[in-house]
Amino acid sequence: MRAYLNGNEAVAAAVKLARTEVVAAYPITPQSTIVEKIAEYIAAGSMEADYIRVESEHAALAACYGAAVTGTRVFTATSSQGLAYMFEMLHYVSGCRVPMVMAVANRGLAAPWTIWADHQDAVACRDTGWIQLYVETAQEALDTCLQAYKIAAHPEVLTPVMVCLDGYVLSHTEEIVDVPDQEAVDRFLPSYRPEYSVDTQRPYVFGVGAGPDLYSAFKYYQQQAILKAKEVIKEVDREFQAHFQRSYGGLVDLYYCHDASVVLVVMGATAGTAREVVEYLRRQGEAVGLLRLRSFRPFPVEDLRAALSRARVVAVLDRDCSFGYEGVLATEVKAALADLPAQPQVAGFIGGLGGRDISQEELAGIFRHCLEAVRRQDRGEELVVSGGWQK
Amino acid sequence: MVKIKELPDAELVQGSYACAGCGGILAVRLALKVLGPETVIVTTPSCLLGVTTFYPQLAFKVPCVNVTFPSTAAAVSGVVAGLKRRGKKGVKVVGLAGDGGTVDIGLQALSGALERGDNFIFICYDNEAYMNTGVQRSGATPLGARTTTTPVGSIGRGEERPKKDMLGIVAAHNIPYAATASIGYPQDYLSKVQKAMQVEGPAYLQVLSPCPPGWGYRSDLTVKLARLAVQTGQWPLAEYENGRLTVKEIANPRPLRDYLAPQARFAHLLG
């Protein structure tokens, strides 16, 4: 069924189609309309789930954790300060290897107080052990939530997934979305019944303590699991394609990268604007391309190296900043490409903070700035390219 | 009324690393004899977690879900909802936390769960300070008690504020049942556990659980002190039922000195 939905409504539709059994959530802009829509579904009797109206985001994730260890499919959503408030619980959920899906309608962090989009909230949770998938459209938000349940519950992964969608730009912007049939989703996503759950006949402990020797072992297996997710994310995306005739490239979404001398790396909805800029510059004969990073964790080092090894300049646009250094994604891309035989120059740009619009002209400006450096090198100069900040 | 001699011999928490004379583990062990095997424990980093669930030493014979310090009652709500979805009826979900995890950092989550009316029992084993982290004061530390953050010196005279009225706070949520108890009066305590099991909706118990290293007394005095606290009027046995609070009267209260004297935390008060 085709419907005119914004990103939040698309997420809510996915949560319903996934036959999610327990939802615990606390309102925060711009996420709130996701959990409002779910509450409407339940009130109307079209979704059968328990909705726990908690008193904070910390409690939201704790309640999801409690419900998930009983072996039920759970969901929550948050943004910004709410995600920051969950920080402690994020580690508990991933460390206890509890599969669940959380939508993050990305929003900047105060201060200064803001309600608009950037990636600082989720990127700051990079090391919490959650898989993070960033989407470009409302359609992808819906599809990725369905994929995320499958990825999280994969027996070799058992790791929670954040589905990140840019606040307002995706969360509140309508587009035509193909909403799959319930029967088709049921064929793709079986019900969730894990091997270990709270059961008085088999009394397990969830969230054990561990001494220094065993702690390392637990953490090693956690790392192996999230690394394994690289393969599983691709596999699930291919499987999704077979069921629904849509796919998103798995870990990275490549656009004209194969012969590009300058490639722009972005996450989220900015890719939509960047595609048009790439097409425009291609028509002018410029060898430019776009790499949209879909999976921020696990970080697709191999895919990045394969896609970017022939580029001469890689421009990375961060909607976040590691204060005292640079954009987080820029650091990570540099590290991923560091020991390539012909290492591309990586230039970091920071923009789109706190909902600041990123225009086609600005993206074209980044490309032209990098193309110019390539031309200087062609004239025999050293390849040097500076980054920038959208002030 | 629970009859002590009719309690099952089977232990549902066994082989813990609790200190000799630990009032907290006694509170949990006794409660589980009434709660029985169809129980799920939800607990939080505290002495209890430290002495029962350090992998691979797992002392509970009922399922145990550990969660972050502020979130015991929130996780309880999740477990209750999840078990309901799984169609598992007749399983009691019991939140267990110390006084810090209940009256301080856990208060918000507990208030949320009480207000939602979820069907669960919350047991606070109250040893009147943050014992697991080394005896720092909590909102439940009594007036005058020496702790590592309310030390006694030329200016400091121990804890400066009276104990938080947690029973009053809980009762203000209009829940079906709340009570205080003492491990020194197991029949009274366990009868209250039984009442808590029988009500529909949230029930709250706060059980005095003396702590030998935290209070500074000989480990064989735990039960005696738990009784003296009641006999000297320092620990009222109270019940909140059907909207009414009743407090058990102490006919001939013993002198307060009898309770304070064996405890190093009060030594400076007696001179």
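The values are calculated or read from the model by the stated rules, or taken from the named source; none is laboratory data. Note that the coordinates shown come from a computational prediction; the quantities given were computed from them, not determined experimentally. Note: ideal-geometry Cβ built from the backbone for every residue, glycine included; neighbour counts use all protein chains shown.
Before moving on, here are some points about what is shown:
- Residue among B:Glu11, B:Glu38 that is in contact with a strand residue (DSSP E or B) (Cβ under 8 Å, 6 or more places away or on another chain), among the acidic types (Asp, Glu) and within 14 Å of chain A (Cβ to nearest Cβ): B:Glu38
- One residue stands out among those in segment A:30-60 that are more than 24 Å from A:Leu170 (Cα to Cα) and of a type in the set (Ser, Thr, Tyr): the one that is surrounded by the fewest Cβ atoms within 10 Å (Cβ to Cβ), which is A:Ser46.
Quick grid of which residues meet (1) in contact (Cβ under 8 Å) with a residue 60 or more places away in the chain; (2) crowded, with 16+ Cβ neighbours inside 10 Å; (3) of a type in the set (Asp, Glu):
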site	(1), (2), (3)
B:Ala145	yes, yes, no
B:Thr148	no, no, no
B:Arg157	yes, no, no
B:Ala171	yes, yes, no
B:Pro176	yes, yes, no
B:Ala179	yes, yes, no
B:Ser182	no, yes, no
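- Meets criteria (under 14 Å from the mean Cα position of the chain (by Cα), buried (at least 24 other Cβ atoms within 10 Å of the Cβ) and closer than 15 Å to B:Glu239 by Cβ) for B:Tyr204: yes
- Residue within segment A:53-73 that is outside any helix (DSSP H, G or I), more than 7 Å from chain B (Cβ to nearest Cβ), touching a strand residue (DSSP E or B) at 6+ places or on another chain (Cβ under 8 Å) and in contact (Cβ under 8 Å) with a residue 40 or more places away in the chain present: yes
- Candidate set from segment A:230-253 (those that are within 15 Å of A:Val161 (Cβ to Cβ) and in a loop (DSSP other than H, G, I, E, B)); member that is nearest to the chain's Cα centre (by Cα): A:Leu251
- Looking across segment B:250-271, the residues that are crowded, with 16+ Cβ neighbours inside 10 Å, within 22 Å of the chain's Cα centre (by Cα) and assigned to a helix (DSSP H, G or I) come down to B:Tyr259, B:Leu260, B:Arg265, B:Phe266.
- The one condition in (1) facing another protein chain (nearest Cβ under 8 Å); (2) without any contact (Cβ under 8 Å) to a residue 60 or more places away in the chain that A:Thr76 fails to fulfil: (1)
- Taking segment B:74-104 as the range and being at the interface with another protein chain (Cβ under 9 Å from one of its Cβ atoms) and within 20 Å of B:Arg29 (Cα to Cα) as the test, the residues that pass are B:Val76, B:Val91, B:Val93.
- Residue within segment B:65-72 that is more than 7 Å from chain A (Cβ to nearest Cβ), crowded, with 23+ Cβ neighbours inside 10 Å and modelled with pLDDT of 95 or more present: yes
- Wholly within segment A:297-391, helices (runs of 4 or more DSSP H) carrying at least 1 residues that are under 27 Å from A:Val232 (Cα atoms) and not assigned by TED's automatic domain parsing to the domain that holds A:Glu231: A:301-308, A:328-337
- The residue that is farthest from B:Glu128 (Cα to Cα), among those in segment B:180-201 that are within 14 Å of the chain's Cα centre (by Cα) and in a loop (DSSP other than H, G, I, E, B), is B:Tyr185.
- Residue match in segment B:68-81 (condition: in a loop (DSSP other than H, G, I, E, B) and either in contact with a strand residue (DSSP E or B) (Cβ under 7 Å, 6 or more places away or on another chain) or farther than 21 Å from A:Arg97 by Cα (or both)): no
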